[in-house]
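First comes the structure, then the notes that go with it.
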Amino acid sequence: MKSFLTLALLIVSSLSVYPADGDSCLWLRFDRNGISAQASVETIGTEMLDNVQRSTVEIAVAELRDNWTGAPITLQIVKDTTHKNGYFKVEKLPNDHQGTTLPLGGDGEGFDRIFITSGSASGLLYGAYFILRSQAMGDGCLCKTLGNEDVIEQEPAYQHRLVKIDLASLPQQLSLKNLARAFASIGINGIVITDKSPNQNSKFKVPSSKFQVQSSKFQALFAPYQIELLSDTDTQDITTIDIRQRNPLHLQYLAPLWQIPARPEGALSPSRATERTPDTSTNSSLCCYAIAAITQNPFSSLNLYAFGRMAWMPQIVKERVAFEWLAQTFTENPLFVIPMRDVLMKSATPTPADIENFISIWHQMERVVSPRQYSLVEEMLERQLEDAID
């Protein structure tokens, strides 16, 4: 009984996150509500970049042209020695490039163009994914995101945001390109591939010679997304957190259990762990490092998404992260997102009241989800009710 709330969400989400045919894109669904992408994107200052960085900017341009439905965009590289790598600034400016900020109207009027400015190609890529995430949250013109402000600036809290994954456990539908896209969209900039399986039940092994051959192929694919390929020896002195789902019958949104210091004075640690003095002999104070599994279980996608967002911005509200993942993975329809966000927040310890709540909510979902999704979960709910009565 305690786990059926999350099992219900699992049934729904597994049908959408991992389609039977076609490539999975995890949370990068970019549902545009039937609106065609119409972005006009230009670049300024990219001539100073090397080939890999220019490829990164080209990815940002392509993502925006394929998926952005709002105002024209300029991606601009500037000299910047005061911010961390990955920093970006988003502002609404007139189209004359003079840098004079116009007043914002509640309907998005009062500006001609969105500028994304950074000192690095990675910053432009993260800025592009930032506004696409804003669009997925129902803020296509960025009015809600910027509010009365004219500028948003972000930079990562941690210099290194690393994930160790078992490549053998990746869903068949998930290409490495879409894995790289998904990682970049949440600011992950390092993948650790090990010759020791992070899952003791896995047969995955990468002999040293094979790793050397494969690593060049992986790096060529990940590098344009500003993701570095690392090995176990590069990270052996860093404290880590394991974000794999341990019990497949009790699925959890793990982010509420984590604590990532807002000021990175140490490595990522579970909130219940004993406080420890950071080891200044390593670079752990610069790193957020997690062991993850990306499997058919969509909660692995959710918890990976949450880790990336919290490694970038530790102070982000956990409910916001859940809302983002739901909106980007399924639909931004609040009739679905708001109650499902609440389910996720309670997924660690659901109560009988939560169960009754979910049953009543689910029967309002028929118009939001597909008939197949609805019927599967409805049947499961009926069985759970019968078991409860017995």
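For this structure, a couple of remarks:
- Scanning segment 157-177 for residues that are open to solvent by 20 Å² or more (accessible area, probe 1.4 Å) and in contact (Cβ under 8 Å) with a residue 40 or more places away in the chain returns Gln159, His160, Lys164, Ser169, Leu170, Gln173, Ser175, Leu176, Lys177.
- Condition broken by Asn85, with the remaining ones in (1) at pLDDT below 85; (2) within 27 Å of Ala220 (Cα to Cα); (3) open to solvent by 70 Å² or more (accessible area, probe 1.4 Å) satisfied: (1)
- Enumerated helices (runs of 4 or more DSSP H) restricted to segment 170-251, each holding at least 3 residues that are modelled with pLDDT of 90 or more, closer than 29 Å to Glu155 by Cβ and out of contact with any Cys (no Cβ under 9 Å at 6 or more places or on another chain): 176-185
- Of all residues in segment 29-58 being modelled with pLDDT of 90 or more and more than 14 Å from Ser120 (Cα to Cα), the one that is nearest to the chain's Cα centre (by Cα): Val41
The values are calculated or read from the model by the stated rules, or taken from the named source; none is laboratory data. This structure is a prediction, so every number in the text was calculated from the model and none was measured. Cβ sites come from the backbone with ideal geometry, for glycine too, and all protein chains shown count toward neighbours. For the accessible areas, the whole protein counts, side chains as well, though only heavy atoms, and no ligand, DNA or RNA atoms are used. Shrake-Rupley method; radii C 1.70, N 1.55, O 1.52, S 1.80 Å.
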